[in-house]
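Visitor: One structure coming up, written as structure tokens, with questions to follow.
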Amino acid sequence: MRIGLVCPYAFDVPGGVQFHVRDLAEHLLGLGHHVRVLAPGEDGDPHLPPFADAGGRVVAVPYNGSVARLSFGPVTAARVRRWVAEGAFDVLHVHEPVAPSTSLLALWAAQGPLVATFHTANLRSRALQAAFPLLRPGLEKVSARIAVSEDARRTLVEHVGGDAVVVPNGVFVDAFATAPARPAWSGTERAPVVAFVGRLDEPRKGLPLLCQVVPRVRAVVPGARFLVAGRGDAAAARALLDDPSAVEFLGAVPDADKRALLASADVYLAPHTGGESFGIVLVEAMAAGAAVVASDLGAFRRVLTGPDGGGEPVGELFTVGDADAAAAAVLRLLADAPRRRALAAAGRRAAWRYDWSRVAAEVLAVYETVRAAGGAR
Amino acid sequence: MTALWWLLAALLVLAALGWHLSSLARRVDRLHHRVETSRAVLDAELTRRASAALELATSGALDPATALLLADAATAALDAPRTPAALREAAHADDVQRWRAESVLSDALDRALGGAGDGDGAGWDAGGVGPPAPGAAEAVARARRAGRRAQLARRFHNDAVVQTLRLRGKRVVRWGRLAGHARLPETADFDDGTGRPWAAEETGGPAPGGGAAGGPGTGGGS
């Protein structure tokens, strides 16, 4: 099948959508499909993977509460149109279709079978609501909508109307399951390791809460180490701590280091306070074999208890934003090694649900369904 | 001179209005096309599902009682009146009867797949039994795939229908008769097994009881 994937965000800064598009493209290529990716960027951009084409000059724009690296304007629009026409794709799969970048332009240019994936579903923003009459004709061309979680789907149904199928984000479970632990990051009886991966400067990722959890945990287990990996200003984050040495900031780490960190840690703490539609990092931690303690957000709960939300959680959930409850949950797990191991084992099994082999099969089923329909005129 | 200006302005307004109406008509037309093609796909997927169910029933993978019930539901679904291709002429009652048969088949599949094959009663997501198991019986796998494909097709069809109804509900579209004589499309209302164990990655039900904690969680998930 000839598949065109459109990513609205530039690859020079890592992000969930970019990773998703890259991994999906790699997996589909591995299955023998013809895949091209279009993303913002200049020709010869070293950050673009070999299967990606440059969509146009990258502009950093404040959008939806953070700085997004997008590409738009007449030059990009012409490029996108040409790419869509020359690609002669059987299926065009646009990610985050309402992001004002290559995705939105591809939606306008699209002619054939069109699939769109809503990732964060930030559909409640006032700008978007105001611009909706303009976006609707483009969205009406989409023959198949995918939401990455039940939560994302619900926002979509409520704020846009229509419906979507849920296909979760994918993880290469094997890569995490076989990642070697690193002695420097491995916990001991006296000094257990709690890990966190996420941007430091986005409060909703929960670093401020983590900083409140640290002293509460160390009051009981003085040797506990907190390892934090993620981009952002470590100095500003340290200022939130009474004892700056309690947390080791690793900065932005490469993929291999992230896997090693998750494989080494005893407990993975997800202190997010909102805005998560899926929680891929939870799945990664589960795949790597860390016991998970997470905020009781809808998306996290569904990852931990199974898609129908009915199962026994394969991790500890605590009330969103409650540092005492979070610390108590972490301490419970640190004190109970057998339960920790049981949760890690159950988490690893549950993570298989999100393995790319399954997720990509599901995406391909969607492609085949829209291809059979022939797409919009 | 002023008369000429007025005339020009009026022409401009008329042109803008015409453009707006024609673009609306194009959208309605495109959505009708989507409704038709997605309905054709849904019909094809449902036929495939019924055949796969029949195959599963005769494969020997099930106990005789379940197999008989499944075969009965599958043949009933295959025999249910098919809407002719020109679906706008279809009698509404046809669909109702058809959807009833499909719901019964979903039920029978649920019972059959709940206990068949690898025994964990889960579809593409094997509910946490380790790596994807390739050993599951071919018939079971095919029935599951067909069931899932029918769910996808139904979702996409209903999505197209809902958006069409929305656009056709607009006053301009109604008064301007931009939809021509096309019948109002209807959603395919039957139980496709979504949310059952064998298709467990989706659920339409309410969020599980997280008490007060569930509120900020889902509320914040923008």
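The values are calculated or read from the model by the stated rules, or taken from the named source; none is laboratory data. Since the structure is predicted, the reported quantities are computational estimates derived from the model, not experimental observations. In this analysis, Cβ positions are derived from the backbone assuming ideal geometry, glycine residues included, and neighbour counts consider all displayed protein chains.
Visitor: Pull up region A:78-97, narrow it to residues that are more than 27 Å from the chain's Cα centre (by Cα) and of a type in the set (A, V, I, L, M, F, W, C), then point me to the one that is farthest from A:Gly4 (Cα to Cα). Walk me through it before giving the result.
Guide: Taking region A:78-97 and keeping what is more than 27 Å from the chain's Cα centre (by Cα), we get A:78-79, A:81-82, A:85-88.
Pick out the ones that are also of a type in the set (A, V, I, L, M, F, W, C) and you get A:78, A:85, A:88.
Details: A:Ala78: 17, A:Ala85: 11, A:Ala88: 9 Å.
Ranking the qualifying residues of region A:78-97, first place goes to A:Ala78.
Visitor: Given the conditions (1) closer than 17 Å to A:Val167 by Cα; (2) surrounded by fewer than 23 Cβ atoms within 10 Å (Cβ to Cβ); (3) modelled with pLDDT of 90 or more, which single one is not true for A:Thr305?
Guide: (3)
Visitor: Only residues that are modelled with pLDDT under 80 and either buried (at least 20 other Cβ atoms within 10 Å of the Cβ) or not assigned by TED's automatic domain parsing to the domain that holds A:Thr76 (or both): list them for region A:121-150, please.
Guide: A:Ala121, A:Asn122
Visitor: Sticking with this structure for a sec: Quick check: anything in region A:203-212 more than 14 Å from chain B (Cβ to nearest Cβ), over 18 Å from the mean Cα position of the chain (by Cα) and free of Cβ contacts under 8 Å to residues at least 40 places away in the same chain? Explain how you work it out, then say what you get.
Guide: Initial filter on region A:203-212 (more than 14 Å from chain B (Cβ to nearest Cβ)): A:207-208, A:210-212.
So of that shortlist, the ones also over 18 Å from the mean Cα position of the chain (by Cα) come out as A:208, A:210-212.
Filter once more, keeping what is free of Cβ contacts under 8 Å to residues at least 40 places away in the same chain: A:208, A:211.
Yes, some residue in region A:203-212 is more than 14 Å from chain B (Cβ to nearest Cβ), over 18 Å from the mean Cα position of the chain (by Cα) and free of Cβ contacts under 8 Å to residues at least 40 places away in the same chain.
Visitor: Could you say which residue among A:Ala350, A:Ala288, A:Ala326, A:Ala299 is under 22 Å from the mean Cα position of the chain (by Cα), crowded, with 19+ Cβ neighbours inside 10 Å, among the hydrophobic types (A, V, I, L, M, F, W, C) and more than 7 Å from every other protein chain (Cβ to nearest Cβ)?
Guide: Matching residue, one of A:Ala350, A:Ala288, A:Ala326, A:Ala299: A:Ala288.
Visitor: Moving on to the next point. With (1) surrounded by fewer than 16 Cβ atoms within 10 Å (Cβ to Cβ); (2) under 20 Å from the mean Cα position of the chain (by Cα); (3) touching a residue at least 12 places away in the same chain (Cβ under 8 Å) as the list, and A:Arg182 as the residue in question, which single condition is left unmet?
Guide: (2)
Visitor: Given the options A:Val21, A:Val91, A:Val58, A:Val67, name the one that is touching a helix residue (DSSP H, G or I) at 6+ places or on another chain (Cβ under 9 Å) and not assigned by TED's automatic domain parsing to the domain that holds A:Arg199.
Guide: The match here is A:Val91.
Visitor: Test of understanding: among A:Gly321, A:Gly275, A:Gly306, A:Gly289, which residue is closer than 20 Å to A:His20 by Cβ and not aliphatic (A, V, I, L, M)?
Guide: Testing whether each residue is closer than 20 Å to A:His20 by Cβ and not aliphatic (A, V, I, L, M) leaves just A:Gly275.
Visitor: Sticking with this one: Check A:Pro338 against each of (1) surrounded by fewer than 24 Cβ atoms within 10 Å (Cβ to Cβ); (2) farther than 19 Å from A:Val197 by Cβ; (3) within 12 Å of another protein chain (Cβ to nearest Cβ) and name the one condition it does not meet.
Guide: Every listed condition holds for A:Pro338 apart from (3).
Visitor: Out of (1) modelled with pLDDT of 85 or more; (2) assigned to a loop (DSSP other than H, G, I, E, B); (3) over 30 Å from B:Asp29 (Cβ atoms); (4) among the β-branched types (Val, Ile, Thr), the odd one out for A:Thr188 is which?
Guide: (1)
Visitor: Also: Go through (1) surrounded by 18 or more Cβ atoms within 10 Å (Cβ to Cβ); (2) within 16 Å of B:Arg111 (Cβ to Cβ); (3) of a type outside the set (Asp, Glu) and name the single condition B:Val41 misses.
Guide: The one condition B:Val41 does not meet is (2).
Per-residue answers, yes or no, for (1) under 22 Å from the mean Cα position of the chain (by Cα); (2) modelled with pLDDT of 85 or more:
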residue: A:Pro8; (1), (2): yes, yes
residue: A:Val21; (1), (2): yes, yes
residue: A:Arg36; (1), (2): yes, yes
residue: A:Ala39; (1), (2): yes, yes
residue: A:Asp45; (1), (2): no, no
residue: A:Leu48; (1), (2): yes, yes
residue: A:Val58; (1), (2): yes, yes
residue: A:Tyr63; (1), (2): yes, no
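Visitor: While we're on this one: Would you confirm whether or not region A:191-199 contains a residue that is in contact with a Ser or Thr (Cβ under 7 Å, 6 or more places away or on another chain), modelled with pLDDT under 85 and closer than 30 Å to A:Ala147 by Cα?
Guide: no
Each row is one residue, and each column tells you yes or no for (1) more than 9 Å from chain B (Cβ to nearest Cβ); (2) touching a residue at least 24 places away in the same chain (Cβ under 8 Å).
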position: A:Ala152; (1), (2): no, yes
position: A:Leu156; (1), (2): yes, yes
position: A:Asp163; (1), (2): no, no
position: A:Gly170; (1), (2): yes, yes
position: A:Val173; (1), (2): no, yes
position: A:Thr178; (1), (2): yes, no
position: A:Glu189; (1), (2): yes, no
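Visitor: Which residue is nearest to the other protein chains (Cβ to nearest Cβ), if the candidates are limited to region A:94-123 and must be over 15 Å from A:Ala373 (Cβ atoms) and assigned to a strand (DSSP E or B)? Reasoning before the result, please.
Guide: Going residue by residue through region A:94-123, those that are over 15 Å from A:Ala373 (Cβ atoms) are A:94-109, A:117-123.
From the residues that got through so far, the ones that are assigned to a strand (DSSP E or B) too are A:94-95, A:117-118.
Values: A:Val94: 15, A:His95: 17, A:Thr117: 14, A:Phe118: 12 Å.
Selected residue: A:Phe118.
Visitor: Kindly indicate which of A:Val80, A:Val37 is in contact with a strand residue (DSSP E or B) (Cβ under 9 Å, 6 or more places away or on another chain) and either part of a helix (DSSP H, G or I) or without any contact (Cβ under 8 Å) to a residue 12 or more places away in the chain (or both).
Guide: A:Val80
Visitor: Somewhere in region A:217-230, is a residue within 14 Å of chain B (Cβ to nearest Cβ), of a type in the set (Gly, Ala, Ser) and surrounded by 21 or more Cβ atoms within 10 Å (Cβ to Cβ)? Walk me through how you get there before you give the answer.
Guide: Residues of region A:217-230 within 14 Å of chain B (Cβ to nearest Cβ): none.
Within region A:217-230, not a single residue is within 14 Å of chain B (Cβ to nearest Cβ), of a type in the set (Gly, Ala, Ser) and surrounded by 21 or more Cβ atoms within 10 Å (Cβ to Cβ).
Every residue, every condition in (1) charged (D, E, K, R); (2) surrounded by 17 or more Cβ atoms within 10 Å (Cβ to Cβ); (3) over 26 Å from A:Phe118 (Cβ atoms), yes or no:
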residue	(1), (2), (3)
A:Ala237	no, yes, yes
A:Ala252	no, no, yes
A:Asp255	yes, no, no
A:Ser264	no, yes, yes
A:His272	no, yes, no
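Visitor: Kindly indicate which of A:Ala256, A:Ala236, A:Ala260 is part of a helix (DSSP H, G or I), more than 20 Å from the chain's Cα centre (by Cα) and touching a residue at least 12 places away in the same chain (Cβ under 8 Å).
Guide: A:Ala236
Visitor: May I pose another question? Quick check on my filter: what residues within region A:302-315 are farther than 19 Å from A:Arg341 by Cβ and more than 9 Å from chain B (Cβ to nearest Cβ)?
Guide: Within region A:302-315, just A:Val303 meets the criteria.
Visitor: Check whether at least one residue in region B:26-34 is crowded, with 16+ Cβ neighbours inside 10 Å and acidic (Asp, Glu), and report yes or no. Write out each step before concluding.
Guide: Quick first cut of region B:26-34, residues crowded, with 16+ Cβ neighbours inside 10 Å only: B:27-28, B:30-34.
Applying the additional criterion that residues be acidic (Asp, Glu) yields none.
Scanning region B:26-34, I find no residue that is crowded, with 16+ Cβ neighbours inside 10 Å and acidic (Asp, Glu), so the answer is no.
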